[in-house]
Amino acid sequence: MGTVERITTAMAELMRRQGYAATGIAELARAAGVPNGSVYHHFRGGKRDVAARALRESGAAYGQLLPTLLEPYDDLATGIEAAFAEAGRTMAESGWMAMCPVATVTAEIADVEPELRAVGADVMTGWVEGGAAFLRGRGLGDDDAREVVHAVLAALEGAFVVARGLRSREPLDAAGRALGAWVATLPVGVPAP
């Protein structure tokens with residue numbers, strides 16, 4: 001892994017665990033195993049530039065989770081419920097760390113770092129577009145596909161916050177069951193090409 005990748009990966013992990021404001025350049029350099037000057041050499045805009053790249057890259061990876069988690073299931077409702085249950089297990093095993101650096105940072109900086117908020121919005125737009133395309137391929141109509149993706153994202157991110165605060169998987173399990181029950185009522189047609 002090259003220097004830029006080490007810095008970007010370290011930034012994504014630090015932001016996931018502690019947010020943007022609490023992450024300093026010296027800590028980032030230590031976590032990436034590089035001198036402080038390397039951060040500025042590769043990222044002229046400093047912390048904001050590193051954060052933007054880390055959000056884009058981690059956001060792209062997170063965008064693949066919905067298709068990856070749902071693909072094994074013939075039934076979308078069952079898959080959604082299972083995906084939320086898996087997220088709960090993963091979160092509990094992590095010691096209740098924040099699960100998504102994009103949501104963590106976007107919520108933290110939306111009003112004070114408009115450039116990073118815009119990056120977060122771009123990433124989330126990609127999630128919606130990619131998730132809706134996947135669900136259309138599974139037979140949902142366009143409007144239903146977009147609505148399901150928005151609901152899944154909102155429920156998942158909200159359940160992460162509540163689960164972290166309560167130190168309980170129950171919010172994720174409940175959200176998964178509720179969304180699964182709703183998705184089971186949606187008409188599924190012939191998958192889109």
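The values are calculated or read from the model by the stated rules, or taken from the named source; none is laboratory data. No experiment lies behind these values; they were computed from the predicted model shown. Backbone-built Cβ (ideal geometry, glycine too); neighbour counts: all protein chains shown.
Data for the structure
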| read-out | value |
| --- | --- |
| Check on V128, under 12 Å from the mean Cα position of the chain (by Cα) and at pLDDT 95 or above | yes |
| Tally of residues being under 26 Å from E108 (Cβ atoms), outside any helix (DSSP H, G or I) and not assigned by TED's automatic domain parsing to the domain that holds V102 across the stretch 25-84 | 6 |
| Single residue of the stretch 86-115 satisfying the filter (in contact (Cβ under 8 Å) with a residue 40 or more places away in the chain and outside any helix (DSSP H, G or I)) that is farthest from E57 (Cα to Cα) | W96 |
| Test: residue in the stretch 145-161 that is surrounded by 15 or more Cβ atoms within 10 Å (Cβ to Cβ), under 25 Å from P187 (Cα atoms) and aromatic (F, W, Y) | no |
| From A110, A178, residue being farther than 18 Å from R16 by Cα and not assigned by TED's automatic domain parsing to the domain that holds R53 | A178 |
| Out of G137, G176, sole residue that is surrounded by 20 or more Cβ atoms within 10 Å (Cβ to Cβ) and in contact (Cβ under 8 Å) with a residue 12 or more places away in the chain | G176 |
| Of the criteria (1) under 19 Å from V149 (Cα atoms); (2) charged (D, E, K, R); (3) touching a Ser or Thr at 6+ places or on another chain (Cβ under 7 Å), which one E57 fails | (1) |
| Among (1) in a helix (DSSP H, G or I); (2) within 13 Å of I80 (Cβ to Cβ); (3) not aromatic (F, W, Y) - the single one D143 does not satisfy | (2) |
| Given (1) in contact with a helix residue (DSSP H, G or I) (Cβ under 8 Å, 6 or more places away or on another chain); (2) in contact (Cβ under 8 Å) with a residue 12 or more places away in the chain, index of the condition P35 fails | (2) |
| For V128: the one exception among (1) closer than 27 Å to D49 by Cα; (2) free of Cβ contacts under 8 Å to residues at least 12 places away in the same chain; (3) touching a helix residue (DSSP H, G or I) at 6+ places or on another chain (Cβ under 7 Å) | (2) |
| One residue from A22, A10, A31, A52 being surrounded by 20 or more Cβ atoms within 10 Å (Cβ to Cβ) and either under 20 Å from M97 (Cα atoms) or at pLDDT below 95 (or both) | A10 |
